[in-house]
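Q: Could you have a look at this structure, given as structure tokens, before my questions?
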Amino acid sequence: MKSKITSALADFFFEYETPRQVLVRNRRVGVVCRLIQLGVLGYIIGWVFIYEKGYQSTDTAVSSVFTKMKGVGYTNVSGTERVWDVADYVFPPQVNASFVVMTNYIVTESQQMGKCPEVCAEALSPFPLPRKTLNVSVQGQMTGVCVNATKTCEVLAWCPVEDDHTIPEYVHSSWFSNCKLILAFHSSLTFSHTVHVMIQTTYRDIKCLHDPVTAPLCPIFKLGDIVRLSGFSFETIAKVGGAIGIVVDWTCNLDANVKHCKPQYNFHGLYGNPAEPDKAKASVGYNFRYAEHYMENKTQKRTLFKVFGIRLDIIVQSLARKFDIIPTLTAIGSGVGIFGVATVVCDLVLLYLLPKREFYKNMKFKYTDIQKPVSSNVKWTFKKKGKTGAQELLSRSEHQ
């Protein structure tokens, strides 16, 4: 028993087994094999290395964006003149990666807490309502009293209540069309893990103006150009508001000089489809309300603003690539493994599709029968005669 175990261990550690190979001279199989290998080689070189950059490792960026609004606007609504600066039309005042630029508004002045009739687009029906209907409406707490003059319900609210059923034409058309508003970006980002590098947008001409063709790197934009590049009608979006995404895209190949790492700016409308008519869109517009409170004759009052504006969301997306030996070896190893597909396909053709498939099976596989061991003379003949001896051995086995 000990000798058997020792012999088995010696055979395991000190012997090497190699797969049997058969050289097949067949033009069709050879052409199929080479075509598959060429296809795999083209995939590895063209797709993995050239297109997907499989020899590089990737990383995203830790980034920040600073924005600044410039421009002063002028409006004349019903004879009331007013000048609007950045503190009036930008929300929030400390501009960050998401902010709103006011383009239209509805103002309700001198509101104070009290009881007054609701304002509805159409009179309620049936009318009058029961006097004890005490629920909350959109504009306040119902008192259960009906107002015959307006055919609406009386509410406890800030009076007079806001009437926003008719949206005025956008009031900032003059200074928007005259390009008084400029938006400036100062973007910076740091790539980590793969490489530590600080990249910041710089532009020598601070008086430049962004143009996709002539000045694609300029970080200063007109609001009108942003709306136009996003695919929307400026007149519509200025009246009812909307949302636009500004994508700052950093795609950098850090194997080259870092000065070639430059941002690209893209603009996308974030609601509806720009190709559809405005009335067909499911959701059009963006608005919110805010109030300015003050005291008058010891009475608390407020001025309510319903603001229509363009919400600008700045989105930074980044991808840095740099050569790395580990993904390179991984890509090469996986490519070499795919070469085995050619062998599998050719074996299937040889063993199952060709007319001489039985002959190829006998050449590829060596069959043994433990009940009839092969004699030493036959083994000697196989070793001495080479290929001729192998054919003779196969013929003998077939006769047997």
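Q: Being in a strand (DSSP E or B) and in contact (Cβ under 8 Å) with a residue 12 or more places away in the chain: is that true of PHE49 here? Explain how you work it out, then say what you get.
A: Working: in a strand (DSSP E or B): no; in contact (Cβ under 8 Å) with a residue 12 or more places away in the chain: yes.
No; evaluated as a whole, the condition is false for this residue.
Q: Considering each residue of the range 190-219, count those that are modelled with pLDDT of 85 or more, of a type in the set (A, V, I, L, M) and either assigned to a strand (DSSP E or B) or touching a Leu at 6+ places or on another chain (Cβ under 9 Å) (or both), and give that number.
A: 1
Q: Among the residues of the range 88-116, write down those that are of a type in the set (Gly, Ala, Ser) and farther than 17 Å from THR303 by Cα. Spell out how you get there, then give the answer.
A: So the first thing to find is which residues in the range 88-116 are of a type in the set (Gly, Ala, Ser), and the list is 97-98, 110, 114.
Result: ALA97, SER98.
Q: Just need a number here: residues in the range 73-83 that are free of Cβ contacts under 8 Å to residues at least 12 places away in the same chain and either within 15 Å of ARG311 (Cα to Cα) or β-branched (Val, Ile, Thr) (or both). Spell out the reasoning first.
A: Step one: filter the range 73-83 for residues free of Cβ contacts under 8 Å to residues at least 12 places away in the same chain, giving 76, 78-83.
Of the ones still in play, those that are also either within 15 Å of ARG311 (Cα to Cα) or β-branched (Val, Ile, Thr) (or both) are 80, 83.
Summing the residues that are free of Cβ contacts under 8 Å to residues at least 12 places away in the same chain and either within 15 Å of ARG311 (Cα to Cα) or β-branched (Val, Ile, Thr) (or both) in the range 73-83 gives 2.
Q: Condition first: basic (Lys, Arg) and touching a strand residue (DSSP E or B) at 6+ places or on another chain (Cβ under 6 Å). Now tell me which residues in the range 234-273 satisfy that.
A: LYS239, the sole residue that qualifies.
Q: Residues being assigned to a strand (DSSP E or B) and more than 30 Å from THR58 (Cα to Cα): count how many of those fall in the range 220-258. Spell out how you get there, then give the answer.
A: Start the filter on the range 220-258 by keeping residues that are assigned to a strand (DSSP E or B), which leaves 220-222, 242-253.
Restricting the remaining residues to those that are more than 30 Å from THR58 (Cα to Cα) gives 221-222, 242-243.
Final tally of qualifying residues: 4.
Q: Let me ask something additional. Do any residues in the range 330-358 that are over 19 Å from GLU52 (Cα atoms) have Cβ atoms under 6 Å from those of residues that are modelled with pLDDT under 85 and of a type in the set (Lys, Arg), where the two are at least six apart or on different chains, and which pairs are they?
A: LEU351/ARG357; LEU351/LYS361
Q: Identify all residues within the range 223-238 that are over 13 Å from TYR265 (Cβ atoms), in contact (Cβ under 8 Å) with a residue 12 or more places away in the chain and not hydroxyl-bearing (Ser, Thr, Tyr); write none if there are none. If you could, list the steps in order and put the result at the bottom.
A: Start the filter on the range 223-238 by keeping residues that are over 13 Å from TYR265 (Cβ atoms), which leaves 223-224, 227-228, 231-238.
This time we only want the ones that are in contact (Cβ under 8 Å) with a residue 12 or more places away in the chain, so: 223-224, 227, 231-238.
LEU223, GLY224, VAL227, GLY231, PHE232, PHE234, GLU235, ILE237, ALA238 - these are the residues of the range 223-238 that are over 13 Å from TYR265 (Cβ atoms), in contact (Cβ under 8 Å) with a residue 12 or more places away in the chain and not hydroxyl-bearing (Ser, Thr, Tyr).
Q: Turning to a different aspect of this structure: Six or more apart or on different chains, Cβ atoms under 8 Å: show the pairs whose first residue is in the range 239-261 and not assigned by TED's automatic domain parsing to the domain that holds ALA97 and whose second is modelled with pLDDT under 85.
A: none
Q: So, GLN37, is that one surrounded by fewer than 14 Cβ atoms within 10 Å (Cβ to Cβ) and at pLDDT 80 or above or not? Working first, answer last.
A: On the way: surrounded by fewer than 14 Cβ atoms within 10 Å (Cβ to Cβ): no; at pLDDT 80 or above: yes.
Judged against the criteria, GLN37 is not a match.
Q: Further question: Cβ-Cβ under 7 Å, sequence separation 6+ or interchain: first residue in the range 84-112 and without any contact (Cβ under 8 Å) to a residue 12 or more places away in the chain, partner part of a strand (DSSP E or B). Which pairs?
A: Filtered contacts from the range 84-112: PRO92/PHE99.
The values are calculated or read from the model by the stated rules, or taken from the named source; none is laboratory data. Please read these numbers as outputs of a predicted model, since none were measured by experiment. In this analysis, Cβ positions are derived from the backbone assuming ideal geometry, glycine residues included, and neighbour counts consider all displayed protein chains.
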